[in-house]
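The values are calculated or read from the model by the stated rules, or taken from the named source; none is laboratory data. No experiment lies behind these values; they were computed from the predicted model shown. Quick reminder, even Gly has a Cβ in these numbers, built from the backbone with ideal geometry, and neighbours come from all protein chains shown.
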Amino acid sequence: MISAKISGLPDLKAALAGIVPKLRRRALRNALAAAARPVQKEARAKTPVISPASLAVRRGYRAPGTLRKAISVRTSKLARRSGDVGVFVNVKPAPRGLRGAKSPRDPFYWRWVEFGAANGTKAVGMLQAGARKLPEALQVFIKAIGPQIAKLNKPKAPAP
């Protein structure tokens with residue numbers, strides 16, 4: 001698992017301290033999600049798409065683009081449970097009723113595409129390629145969090 005932590009931003013912490021916790025979490029989550037999108041975009045670009053002429057597609061076991069569409073930015077439940085805010089880019093599994101090797105919309109095979117298989121299948125490393133965009137993601141986060149903090153810290157107009 002590849003992750004990145006932002007540290008050394010005391011100004012950000014000071015600005016966030018004066019905001020209501022619910023709004024603070026929303027602002028952070030939105031900025032983190034915006035920062036994760038370049039990672040997601042790069043991972044999707046590096047993901048191979050199965051050929052419509054392949055046997056698995058013709059038999060109805062696979063659908064072209066399933067794996068590419070399943071790469072998503074999601075909110076971290078682990079971070080939320082510990083009181084933090086976090087997002088991650090990963091392959092979203094199919095809904096419970098649609099899972100299985102013969103389900104055309106289940107991207108269960110993403111691990112073999114990412115890391116390779118025991119039969120000698122070469123690893124693609126699509127998520128690892130996305131992780132190389134983390135420096136760009138940090139810049140997007142910095143650009144996205146500033147206006148959100150300014151908006152939240154702006155005093156409301158008095159009621160008429």
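Among the candidates VAL49, VAL87, VAL57, VAL113, single out the residue that is of a type in the set (A, V, I, L, M) and either closer than 30 Å to ILE142 by Cα or in contact with a His (Cβ under 7 Å, 6 or more places away or on another chain) (or both). Even if it seems obvious, please write down each step before you answer.
Details: VAL49 fails: either closer than 30 Å to ILE142 by Cα or in contact with a His (Cβ under 7 Å, 6 or more places away or on another chain) (or both); VAL57 fails: either closer than 30 Å to ILE142 by Cα or in contact with a His (Cβ under 7 Å, 6 or more places away or on another chain) (or both); VAL113 fails: either closer than 30 Å to ILE142 by Cα or in contact with a His (Cβ under 7 Å, 6 or more places away or on another chain) (or both).
Matching residue, one of VAL49, VAL87, VAL57, VAL113: VAL87.
Is it true that GLY130 is at positive phi and not basic (Lys, Arg)? Considered against the rule, which asks whether it is at positive phi and not basic (Lys, Arg), GLY130 comes out as no.
Please pick out the residue among PRO48, PRO10, PRO21 that is out of contact with any strand residue (DSSP E or B) (no Cβ under 8 Å at 6 or more places or on another chain), at pLDDT 90 or above, more than 16 Å from ALA131 (Cα to Cα) and surrounded by fewer than 17 Cβ atoms within 10 Å (Cβ to Cβ).
On inspection, the qualifying residue turns out to be PRO48.
Mind listing whichever residues of segment 70-92 are free of Cβ contacts under 8 Å to residues at least 12 places away in the same chain and not in a loop (DSSP other than H, G, I, E, B)? Listed by number, the residues that qualify are LYS77, LEU78, ALA79, ARG80, ARG81.
Mind listing just one residue for me: the one in segment 51-67 that is in a helix (DSSP H, G or I) and either modelled with pLDDT of 95 or more or out of contact with any Ser or Thr (no Cβ under 6 Å at 6 or more places or on another chain) (or both) and, of those, nearest to LEU127 (Cα to Cα)? Applying the filter and picking the extreme gives THR66. In the condition set (1) touching a helix residue (DSSP H, G or I) at 6+ places or on another chain (Cβ under 9 Å); (2) within 27 Å of LYS143 (Cα to Cα), PRO64 is compliant with all but (2). Go through the residues of segment 109-124 one by one and say whether even a single one is touching a residue at least 24 places away in the same chain (Cβ under 8 Å) and closer than 26 Å to LEU28 by Cβ. No, segment 109-124 contains no residue that is touching a residue at least 24 places away in the same chain (Cβ under 8 Å) and closer than 26 Å to LEU28 by Cβ. With respect to (1) over 18 Å from the mean Cα position of the chain (by Cα); (2) closer than 21 Å to ASN30 by Cα; (3) basic (Lys, Arg), the lone exception for ARG59 is condition (2). When segment 106-131 is filtered for residues that are in a loop (DSSP other than H, G, I, E, B) and surrounded by 14 or more Cβ atoms within 10 Å (Cβ to Cβ), the ones remaining, listed by number, are ASP106, PRO107, PHE108, TYR109, GLY116, VAL124, GLY125.
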